Amino acid sequence: MKNVENLSKQEQEAFQKLGEVSMPTGLEDEMAIRLESENLFNKRQKEFTMKNWIYTVAASVAFFVLGYFLAPLDTASNSEPTGLELPQYAILLFEDDSFKGDDQALMSEYMAWGQDWGQKGKLVDGKKLTYQSRWLGEDFNNPSSPGILAGFFIIQAENYEEALTITETHPHTNYGGRIELREIEKL
């Protein structure tokens, strides 16, 4: 690329006018996303600050939620009613201090898992829970606690064995998390 001093007068004027042009709203973000998806960003280390951490967590939560709204979670309701309602099961996701994982990788795996089982008509719902909680009732000490309940999925399956097979494919345990599978009792 030429130095600005080596440009003709006409080129210099055009170059100056570029600085006066305002970019349409959202274009910069869209360009950044596109460049990142095509691995065209300069891969230099940047300082990881609390502000960056907050943005990373917020983006992860947003993508997690977005994935569930975009995934066809309730494909069974779009089909013809069969008269048979499959049993539903809760997949409870627990985390403790040993839970680790890159938020972006974790989020994309969870979204892919949700889309896959949603398209097969097995995933009913899924939510990430906040870490703020309060126990009500009498205090109890449970030394064998599996950790903090961090989220859940509701699936439907023919029986417990099929639900277990679906649950075993969930990536949560790959990051050190624990999963509990429970059938939802019909009332």
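Descriptive notes on the structure:
For every residue, the table says whether it meets (1) touching a Leu at 6+ places or on another chain (Cβ under 7 Å); (2) surrounded by 15 or more Cβ atoms within 10 Å (Cβ to Cβ); (3) outside any loop (DSSP other than H, G, I, E, B); (4) among the aliphatic types (A, V, I, L, M).
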residue	(1), (2), (3), (4)
Gly126	no, yes, yes, no
Tyr131	no, no, no, no
Phe152	yes, yes, yes, no
Ile155	yes, yes, yes, yes
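- The residues in segment 164-174 that are farther than 18 Å from Lys127 by Cβ and in contact (Cβ under 8 Å) with a residue 24 or more places away in the chain can be counted, and the count is 2.
- Residue within segment 84-98 that is part of a helix (DSSP H, G or I), surrounded by 12 or more Cβ atoms within 10 Å (Cβ to Cβ), modelled with pLDDT of 55 or more and out of contact with any Ser or Thr (no Cβ under 9 Å at 6 or more places or on another chain) present: no
- In this structure, Thr173 does not qualify as surrounded by 14 or more Cβ atoms within 10 Å (Cβ to Cβ) and among the hydroxyl-bearing types (Ser, Thr, Tyr).
- Every pair of residues 6+ apart whose Cβ atoms lie under 8 Å, when the first sits in segment 121-146 and is at pLDDT 75 or above while the second is in a loop (DSSP other than H, G, I, E, B) and loosely packed, with under 10 Cβ neighbours inside 10 Å: Gly121/Ser79
The values are calculated or read from the model by the stated rules, or taken from the named source; none is laboratory data. Source: prediction; values computed, not measured. Reconstructed Cβ throughout: ideal geometry from the backbone, glycine too, with neighbour counts over all protein chains shown.
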